[in-house]
Amino acid sequence: ANTGLIKDRALAAGGDTSTLSSIASTGFGLTGLCIGDVRGYGATAEIEGRVLTTLSFLYNKMPHENGFFYHFVDMTTGARAGTSEVSSIDTTILLCGVLTCRQHFSSNAQIVQLATQIYERVNWPWMLNGGTTFSLGWLPESGFLSYRWDTYDEEMMLYLLAMASPTYPIPASSWSAFTRPTMTYQGITYIAGAPTLMIHQYSHAWFDFRKKQDVYANYFQNSVKATQAHRLFCISLGSKFSDYSADLWGITPSDSVNGYVSWGGPPATGPIDGTVVPCAAGGSVVFDFSDCMTVLQTMRQKYPEAWQLYGFVDAFNPLTGWYDTDSLGIDQGIMMLMAENQRSGFVWDTFMKNPEATTALQLAGFTST
C-alpha cells in the first residue's frame, strides 16, 4: 500500500506473507491497472491513486543506479533483496508499464510528470559498459555482469526504449548489434535465440509489431512461426510424455517440482518431464489464437486444480499429479496483457501512443507491410 510494488510470486491459494517484489512484476502490474480501469474492474480514482503511489515511490524513494533498478526488492521498503543485480531487461519491463500508465492516465499531470522523469532518468549508455550491446546487469560488489544481450531474445524493447530516449540515447546502429540466428523445425524457419517461448512474447506485449518489418524480419510473424514450431515440438514429445498433445502443450521457463527451471524447445532444453506451463500458450494467444485457446480451455476444464485464486498456477504435471503452489507475477502478467491485446488491442494502442515508441521503430528502420 505504501510503495505500489508488486510481489514476484504468491501462494496460488492466497494467504501469502512474502515481501519479495520484482520490478518486472510491477511493470506488468502497472499495465494491468490500466486494463482494470478501462474494463471497469475498479474505481478510476482508486486505480489512479495506486499508480501515483507506485510512480512516486519509484522516482523519489526506490534505490537505483543511473536510473536502473534492482531486479528483486523488498515490497515494503524498496530495498535491494539479497544479492540481486541492477537489471537492464527488468528495468525495461517496468518502464513499459510506466509508459503505458503515462498514456492511459494522460489527463493526470502528476502521473505524466513522474512517468516521464522515471524514463528520462535512465542512463542507457552506462549499461552498454563500453560495448555495442547491453550488459544483463550490474552488481555493486563487482560491477557489470559479463553476459550481454547480444543474441535475439526478449530484449527488443530494451534497445528500442534506449534508442528513443530524449535524454540518454544509444546509437540507432545498436539495433543491428545483436545477432539474429535462425532455426528450422519441421519446415518452419524463424529467428530464434534461446529455445524458450517467452523470448517471442515479452516485447510484443507492449510494442505493436503487426504489419511492420525491418531489414531482418516481420517480428510478429516470426513469433507466429515460433509458437507453431513450439506446438509441434511438444506434440512430438507425446510418445515420451503422454500428456503432450494438440490439446495440451507449452513449456517455457517456470517453476517445476524441483524449483525454477529454464526449459523449452526446439531443441529440447532442460529437464523436460511432462510439466505444462500455462503462460506458454497463454502468452501466445495473439500469435496462434485457436491452438492456444484450445490448450487453455483444456487446462481449465480437465485440470481444475490448476486454476486457483489468481488464475492458473505457474505450472503443473498431469502425469505425476504435481501442481505448483505458487503463481508468478511475470507469468500471470504476460497472459493478462496478451489476452487484452487479443480482445481489444488496448495495450498495444495505448503504449504506441508514446511518441518514443513510434520514434524507436523509425530509428530501427521499420516500415509498414
**OP:** Please state which one of G329, G265, G238, G282 is at pLDDT 95 or above, on the phi > 0 side of the Ramachandran plot and among the small types (G, A, S).
**Re:** G265
Original post:
Can you tell me which residues in segment 257-286 are polar (S, T, N, Q) and either more than 22 Å from the chain's Cα centre (by Cα) or open to solvent by less than 10 Å² (accessible area, probe 1.4 Å) (or both)?
Top reply: N258, T275, S284
Original post:
Is it the case that some residue within segment 161-175 is of a type outside the set (V, I, T), part of a strand (DSSP E or B) and either more than 15 Å from I89 (Cβ to Cβ) or touching a Pro at 6+ places or on another chain (Cβ under 8 Å) (or both)?
Top reply: no
Original post:
Just for helices (runs of 4 or more DSSP H) wholly inside segment 295-369: which have at least 3 residues that are more than 24 Å from V261 (Cβ to Cβ), open to solvent by 30 Å² or more (accessible area, probe 1.4 Å) and out of contact with any Cys (no Cβ under 7 Å at 6 or more places or on another chain)?
Top reply: 329-343, 355-363
**OP:** Just need a number here: residues in segment 333-349 that are within 19 Å of Y41 (Cα to Cα) and in contact with a Phe, Trp or Tyr (Cβ under 9 Å, 6 or more places away or on another chain).
**Re:** 10
Subject >> Single condition A81 does not satisfy, out of (1) in contact with a strand residue (DSSP E or B) (Cβ under 9 Å, 6 or more places away or on another chain); (2) among the small types (G, A, S); (3) at positive phi >> reply: (3)
Subject >> Pair list, Cβ < 7 Å and 6+ apart or interchain, from segment 169-185 residues that are under 18 Å from S135 (Cβ atoms) and hydrophobic (A, V, I, L, M, F, W, C) to residues that are open to solvent by less than 70 Å² (accessible area, probe 1.4 Å) and in a helix (DSSP H, G or I) >> reply: I170/W124; I170/P125; I170/L128; I170/A162; I170/M163; W175/Y159; W175/M163
**OP:** May I ask you to say which residue of R80, R50 is of a type in the set (K, R), in contact with a helix residue (DSSP H, G or I) (Cβ under 7 Å, 6 or more places away or on another chain) and modelled with pLDDT of 95 or more?
**Re:** R50
**OP:** Any chance you could count how many residues in segment 149-168 are crowded, with 19+ Cβ neighbours inside 10 Å and either without any contact (Cβ under 8 Å) to a residue 12 or more places away in the chain or not hydroxyl-bearing (S, T, Y) (or both)?
**Re:** 12
**OP:** Filter segment 209-256 down to residues that are in a loop (DSSP other than H, G, I, E, B) and under 17 Å from the mean Cα position of the chain (by Cα) and give me whichever is nearest to G345 (Cα to Cα).
**Re:** F209
Subject >> Selection within segment 181-207 - crowded, with 19+ Cβ neighbours inside 10 Å and part of a loop (DSSP other than H, G, I, E, B) >> reply: A192, G193, P195, T196, Q201, Y202, W206, F207
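The values are calculated or read from the model by the stated rules, or taken from the named source; none is laboratory data. This is a predicted model, so every value here is computed, not measured. A quick note on method: Cβ atoms are made from the backbone with ideal geometry, for glycine too, and the neighbour counts reach across all protein chains shown. The area values use the complete protein model at the heavy-atom level, side chains included, leaving out ligands, DNA and RNA. Shrake-Rupley method; radii C 1.70, N 1.55, O 1.52, S 1.80 Å.
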